[in-house]
1. Which fully enclosed strands (runs of 3 or more DSSP E) of the stretch 165-224 have 2 or more residues being without any contact (Cβ under 8 Å) to a residue 40 or more places away in the chain?
2. Restricting the first residue to the stretch 132-145 and requiring it to be among the small types (Gly, Ala, Ser), which pairs with a second residue that is open to solvent by 50 Å² or more (accessible area, probe 1.4 Å) and modelled with pLDDT of 85 or more meet a Cβ separation below 8 Å and a spacing of at least six or different chains?
3. Do you know which of the residues in the stretch 69-104 that are buried (at least 18 other Cβ atoms within 10 Å of the Cβ) and closer than 12 Å to Thr39 by Cβ is modelled with the lowest pLDDT?
4. Restricting attention to the stretch 36-68, and to residues there that are assigned to a loop (DSSP other than H, G, I, E, B) and touching a His at 6+ places or on another chain (Cβ under 8 Å), which single residue is surrounded by the fewest Cβ atoms within 10 Å (Cβ to Cβ)?
5. Which members of the stretch 105-122 meet the condition of being in contact with a Ser or Thr (Cβ under 6 Å, 6 or more places away or on another chain) and not in a loop (DSSP other than H, G, I, E, B)?
6. Hey, among the residues in the stretch 85-118 that are among the aliphatic types (A, V, I, L, M) and more than 15 Å from Gly54 (Cα to Cα), which one's farthest from the chain's Cα centre (by Cα)?
7. Just to check your reading of the model, which residue among Thr165, Thr218, Thr181 is at pLDDT 90 or above, over 30 Å from Val26 (Cβ atoms) and surrounded by fewer than 18 Cβ atoms within 10 Å (Cβ to Cβ)?
8. Residue by residue through the stretch 39-52, note down the ones that are farther than 26 Å from Gly201 by Cβ and either modelled with pLDDT of 90 or more or of a type in the set (Ser, Thr, Tyr) (or both).
Amino acid sequence: MWWRICSLLAWFPLQEAFRNHHMETVPIEEGQTLTLNCTVSQETTSLQWLAPSGFTIFFNEQPALKSSKYQLLHHSSDQLSISVLNVTQHDEGVYKCLHYGKSVRTKEVKVIVLATPVMPTLQVSVIKTHNGKEHVILKCSTMRNKPPSQITWLLGNGVEVYGETHHEYETDGKKCNSTSTLTVHTYGKNSTASCIIRHKGLQGRKLVAPFWFEDLVTDQETTSAALETSSLSSQDPQQPNSTAAVMGDSSTSEIDKEEEEQTTQVSHLATEADRQYGGLTKKKSGVLLLTLVSFLIFILFIIVQLFIMKLRKAHVIWKKESEISEHTLESYRSRSNNEETSSQEKNGQTSRSRSCINYITQLYSEAKTKTKGKAQPSKLKGELTYIPESIV
């Protein structure tokens, strides 16, 4: 009884969590623009988009990440739509839309970034035994695809078969290089085999790399003629102007062995689409180089401008200091002249005062001598009232 009650109590929160949680998966090709739309049916107070790293991208119409990669498409009380430009493998993950109302509901979008494979490369190896039997090994390779491509072989009779497929992942564990190997024991001049690549990023399209065994027969005949000519002339063999290369594994110590194997390596670019892709790759490399040079020139221009601004600032500071120094020197000179003038005036007044005191002292001495002890104030007073103008 109790376990039923506990299970019911635990079921209600789980049911609410499942009801508030919604997940969808969006595959997108690398380099395209991702659109994330969050629309709610009930009244909300705020809408928020979170990146796979957990950081907020937009809270309502306010951007939280200062990046031009994220753009606001539309915002209203019940909708928040954003876009992610030029999607890369780093943008892969789960994006969350939170809408706040009476309860917090979550919408999750799992974004899978697809790396579309390029036109495959087809290689051919021919193994020959001592009894004249031949085995042709076809090897089809495509680089840097995610998820791994599906590789099949379409034979000339219309039969499509699987070869031995191997996927080798890169160091980041996201993109991989896929290779499929097919061994052919019997073929004719009119036989054909095509490598077919299927991938989610191709959106139903297929990449086809065909091979005609007629080219291989012609190359073998030309190579055999060249080997016979070289053995007769006892000179080093010259390779014919073809896509086949023959290597002999025999040596003087292994002549008596029962089997001799010769390996022919053929590097064959399948269709003209390969050449177009090579031209496109070179064009992209040229544009990238031009962009890099322009960026370096722009950085150099900024450095020069900063250096010029620093020189101007130093010149202004030096000019102000020079003006302050000149002003201080003039002030010091004028102050020195004023002090010298005042000191001269003080010295003149002091000398005049001393002369007046000496003159008065002299008159008093003379008056004292004449009176011989009797004071004559009236006469002395008349004599003291006379002071030479030179003293004054």
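1. Details: elements: 176-184, 192-198, 206-212.
In the stretch 165-224, the matching strands (runs of 3 or more DSSP E) lie at 176-184, 206-212.
2. Ser141/Thr121; Ser141/Gln123
3. This residue is His99.
4. Our first condition is that a residue be assigned to a loop (DSSP other than H, G, I, E, B); within the stretch 36-68, this holds for 40-45, 51-55, 60-61, 64-68.
Subsequent filtering for residues that are touching a His at 6+ places or on another chain (Cβ under 8 Å) retains 40, 44, 60-61.
Values: Val40: 16, Thr44: 18, Asn60: 14, Glu61: 11.
Looking at the filtered set, the residue picked out is Glu61.
5. Filtering the stretch 105-122 down to residues in contact with a Ser or Thr (Cβ under 6 Å, 6 or more places away or on another chain) leaves 110, 117, 120-121.
Lys110, Thr121, listed by residue number.
6. So in the stretch 85-118, the residues among the aliphatic types (A, V, I, L, M) come out as 85, 87, 94, 98, 104, 109, 111-115, 118.
If we keep only those that are more than 15 Å from Gly54 (Cα to Cα) too, we end up with 85, 87, 104, 112-115, 118.
Details: Leu85: 15, Val87: 14, Val104: 36, Ile112: 22, Val113: 19, Leu114: 21, Ala115: 20, Val118: 24 Å.
Result: Val104.
7. Working: Thr165 fails: over 30 Å from Val26 (Cβ atoms); Thr218 fails: at pLDDT 90 or above.
Criteria check complete, one pass: Thr181.
8. Taking the stretch 39-52 first, the residues farther than 26 Å from Gly201 by Cβ are 39-48, 50.
Matches in the stretch 39-52: Thr39, Ser41, Thr44, Thr45, Ser46, Leu47, Gln48, Leu50.
The values are calculated or read from the model by the stated rules, or taken from the named source; none is laboratory data. None of the values given here were measured: they were computed from a predicted structure. Cβ coordinates were reconstructed from backbone atoms using ideal geometry, including for glycine residues, and neighbour counts include every protein chain displayed. For the accessible areas, the whole protein counts, side chains as well, though only heavy atoms, and no ligand, DNA or RNA atoms are used. Shrake-Rupley method; radii C 1.70, N 1.55, O 1.52, S 1.80 Å.
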